[in-house]
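Contents: one structure, followed by commentary.
The values are calculated or read from the model by the stated rules, or taken from the named source; none is laboratory data. The structure displayed is predicted, hence computed values, not measured ones. As a convention, Cβ positions derive from the backbone with ideal geometry for all residues, glycine included, and neighbour counts pool all protein chains shown. These area figures cover heavy atoms from the full protein model, side chains too; ligands, DNA and RNA do not enter into them. Shrake-Rupley method; radii C 1.70, N 1.55, O 1.52, S 1.80 Å.
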Amino acid sequence: FELSLFDGQHLIKIAVPKRTYTCIEADRTGRLWLGSLQGLVYIEPDFKIVDRLNSKSFLDSDRITHIAAAPDDAKYPWLIAVACDKQYSPDKAGTVSSDVPPSLLHPGDNPYILKVQNPPIEGSSVVLFDGQIWERLSRPGVHHMMFDQKFLWLAPHAG
């Protein structure tokens, strides 16, 4: 399985792991990040390939839904954000996601009191990377992201 990169003059072919890729993004340090349904891969500027499977990183799932790279003039330390969702499946009829709405419960027998119960979030998160440290955010069902100079914008699957 090969990825072809064009450096402005030459077409460079790089052997990458055979996977079902979902997204690609370049960060400001020159790394090229590839998200897939089987994990995260990045390519260093010297073309060294680093495979970041779930056991080797702080991802909740190997199903990567989106990668966003911070702009060069960002006011925060993060280089990239990686969204993963264990339940994500683009192959089924409609996109499947772990973005489950909360439920309302009546605690006890009082029908006038409502309690919001958020479903457990397991296998779905957004992880920020500053070049050395991975910082996990508990955000379910994120399938699209975008950095601007101040914020990281998140969106669920479009369905």
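Points worth noting:
- Taking the range 133-159 as the range and being at pLDDT below 90 and acidic (Asp, Glu) as the test, no residue passes.
- Inside the range 31-44, residues that are of a type in the set (Gly, Ala, Ser) and either modelled with pLDDT under 90 or open to solvent by 40 Å² or more (accessible area, probe 1.4 Å) (or both) make up a count of 0.
- The one condition in (1) within 15 Å of the chain's Cα centre (by Cα); (2) modelled with pLDDT of 80 or more that Phe47 fails to fulfil: (1)
- Looking across the range 118-151, the residues that are within 11 Å of the chain's Cα centre (by Cα) and among the small types (Gly, Ala, Ser) come down to Ser124, Ser125, Gly141.
- Condition check for Thr20: under 19 Å from the mean Cα position of the chain (by Cα), over 18 Å from Asp85 (Cα atoms) and open to solvent by 50 Å² or more (accessible area, probe 1.4 Å): no
- Flag for Asp130 being among the charged types (D, E, K, R), open to solvent by less than 80 Å² (accessible area, probe 1.4 Å) and modelled with pLDDT of 90 or more: yes
- Scanning the range 76-89 for residues that are open to solvent by 70 Å² or more (accessible area, probe 1.4 Å), outside any loop (DSSP other than H, G, I, E, B) and at pLDDT below 90 turns up nothing.
- Boolean, Gln117 is at pLDDT below 80, touching a Pro at 6+ places or on another chain (Cβ under 9 Å) and open to solvent by less than 100 Å² (accessible area, probe 1.4 Å): yes
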